[in-house]
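**Student:** Here it is, the structure, as structure tokens.
The values are calculated or read from the model by the stated rules, or taken from the named source; none is laboratory data. Please read all numbers here as calculations on a predicted model, not as lab measurements. Cβ placement follows ideal geometry from the backbone for every residue including glycine, while neighbour counts extend to all protein chains displayed. Remember, those area values only see protein heavy atoms, side chains included, never the ligands or the DNA or RNA. Shrake-Rupley method; radii C 1.70, N 1.55, O 1.52, S 1.80 Å.
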Amino acid sequence: MSEVVASTPGHLPVMLAEVLEQLAPRDGATYLDGTFGGGGYAGAILDAAGCTLYAIDRDPDAIARGAALAARHAGRLQLVEGRFGDMLALLEARDVTRLDGVVLDLGVSSFQLDEMGRGFSFRGDGPLDMRMSKHGKSAADLVNTLDESELADVLYELGEERYSRRIARTIVAARREAPITTTARLAELVRGCVPRDPSGIDGATRSFQALRLAVNDELGEIGRGLAAAAALLAPGGRLVVVAFHSLEDRLVKRFMAGAAGRSAGTSRHDPAALTGRAAPAAFRLLTPKALRPGRAETEANPRARSARLRAIERLHPASLAPEHLAAPRDVA
Ligand SMILES: C[S@@+](CC[C@H](N)C(=O)[O-])C[C@H]1O[C@@H](n2cnc3c(N)ncnc32)[C@H](O)[C@@H]1O
């Protein structure tokens, strides 16, 4: 594992020890890392057991960087460029219909954040892009074309930005003069609309989060990915998810509680509805409360501070308690 971390200095894997403990990789098993990133989790999983690992990332740069790790674990690491929300189809195309575990480490990698040319960061200047896959509409497309109320809604709903209307008004006025094409210009406009935060959080943080989530449909991806992962898990299989902000974590928490029969889930997240397969959606919560990183980790890696890890395990049919025997539609 240390070899992997040393070879990928751009991204320190977050809560790696806890992820491995929850996933508990076994020899001969098949796993999916839906967010390959810098390969920190992937390398550690492959080192922990003689297993096979499929690793998805929608960022072509991440897949290209993974070639060295794949070569080191000849035949055991299969890299797949695509979205984890499409994991059912991506895996089925490779004849994989059952998994022993899935990990998702949501959001962007340090590689993406630190490369100003990708346009995710307000800490430097770069094109206003934010597309993980390098395809589709960019953040500049949204900022320069959405109407004022749509823009305000994005900032409010995906950034929980209380000054969303003021920011949207300012952006629309500014783009009449000239299109907003850089991260520095957008950050400057947003900062001018919000009061200084006494805790030192940059005033552009929430707006950049909102645009990133919108550009990459990240919440939609989480809904599709969780449902697909649950549908793919074999009995005893585990789903481990690390989330970084409350909008993501809320979706994960609700989905897992619903899958474990703790509360009603929404039909959108119903694995059986998605796949047409009658999988008994009966899971147990491995983490009744989200796990948080330890102090040593947050001191060494400030990006870990907001991490929350949640995990569930598919029950073996023989161990299903009567309350788990409801139709899948009622459980997930
Ligand atoms: C936080 S990083 C993962 C880091 C990784 N666990 C490691 O240890 O190096 C998240 C990665 O997931 C990718 N990603 C985010 N959403 C995705 C999605 N819906 N489908 C596929 N990849 C996604 C990003 O491109 C990024 O490379």
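**Student:** In the stretch 150-181, how many are surrounded by 18 or more Cβ atoms within 10 Å (Cβ to Cβ) and in contact (Cβ under 8 Å) with a residue 60 or more places away in the chain?
**Tutor:** Of the residues in the stretch 150-181, 2 are surrounded by 18 or more Cβ atoms within 10 Å (Cβ to Cβ) and in contact (Cβ under 8 Å) with a residue 60 or more places away in the chain.
**Student:** Now, a different point. Select from the stretch 97-112 the residues that are more than 9 Å from the ligand (Cβ to nearest atom) and touching a helix residue (DSSP H, G or I) at 6+ places or on another chain (Cβ under 8 Å) and write down the one among them that is nearest to Ile63 (Cα to Cα).
**Tutor:** Applying the filter and picking the extreme gives Val102.
**Student:** Looking only at residues that are outside any helix (DSSP H, G or I) and under 17 Å from the mean Cα position of the chain (by Cα) in the stretch 13-32, which one is nearest to the ligand (Cβ to nearest atom)?
**Tutor:** Once the filter is applied, the top-ranked residue is Pro13.
**Student:** Assuming Gly82 fulfils every condition listed in (1) within 12 Å of the ligand (Cβ to nearest atom); (2) touching a residue at least 40 places away in the same chain (Cβ under 8 Å); (3) farther than 26 Å from Val190 by Cα apart from one, which condition is it?
**Tutor:** Among (1) within 12 Å of the ligand (Cβ to nearest atom); (2) touching a residue at least 40 places away in the same chain (Cβ under 8 Å); (3) farther than 26 Å from Val190 by Cα, Gly82 violates only (2).
**Student:** Would you be able to say whether some residue in the stretch 217-224 is farther than 19 Å from Arg305 by Cα, of a type in the set (Gly, Ala, Ser), outside any helix (DSSP H, G or I) and open to solvent by 10 Å² or more (accessible area, probe 1.4 Å)?
**Tutor:** no
**Student:** How about the stretch 295-312: which of its residues are assigned to a helix (DSSP H, G or I), aliphatic (A, V, I, L, M) and crowded, with 17+ Cβ neighbours inside 10 Å?
**Tutor:** Once the filter is applied, which keeps residues that are assigned to a helix (DSSP H, G or I), aliphatic (A, V, I, L, M) and crowded, with 17+ Cβ neighbours inside 10 Å, the stretch 295-312 yields only Ala304.
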